[in-house]
């Protein structure tokens, strides 16, 4: 993790970004790089045959692999039924210190 080199080492042990995948890459990649995220949740349509953003998802996964950032894929119905698409306890347990940055469309 890169928390030692940032301004928030006492606030978070793990920086997690959550971003719905659309038709752009920089909207997601730039904030992840700037805040030195440890993990990214890419939210995609739960029906992959209807998801037109699949090529962008693949580009994002390749870029994050190069950056050595852990990628999780969250399949959700559109529109997002719950903020972030998941209940917070699905991401972590109560004892973890986390920093979430949610990227919006």
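The values are calculated or read from the model by the stated rules, or taken from the named source; none is laboratory data. These numbers come from a predicted model, not from an experiment. Every residue, glycine as well, gets a Cβ built from its backbone with ideal geometry; the counts of neighbours run over all protein chains shown.
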Legend entry - Count of residues meeting criterion [farther than 13 Å from residue 19 by Cβ, assigned to a helix (DSSP H, G or I) and touching a residue at least 12 places away in the same chain (Cβ under 8 Å)] in the stretch 47-58: 0
Legend entry - Check on residue 96, in a loop (DSSP other than H, G, I, E, B), over 16 Å from residue 19 (Cα atoms) and at pLDDT below 85: yes
Inset, instruction - Give the number of residues within the stretch 76-89 that are surrounded by 13 or more Cβ atoms within 10 Å (Cβ to Cβ) and modelled with pLDDT of 50 or more. - result: 2
Inset, instruction - Select from the stretch 16-46 the residues that are outside any helix (DSSP H, G or I), touching a residue at least 40 places away in the same chain (Cβ under 8 Å), out of contact with any helix residue (DSSP H, G or I) (no Cβ under 7 Å at 6 or more places or on another chain) and under 18 Å from residue 67 (Cβ atoms) and list them in ascending order. - result: 16, 18, 35, 37, 41
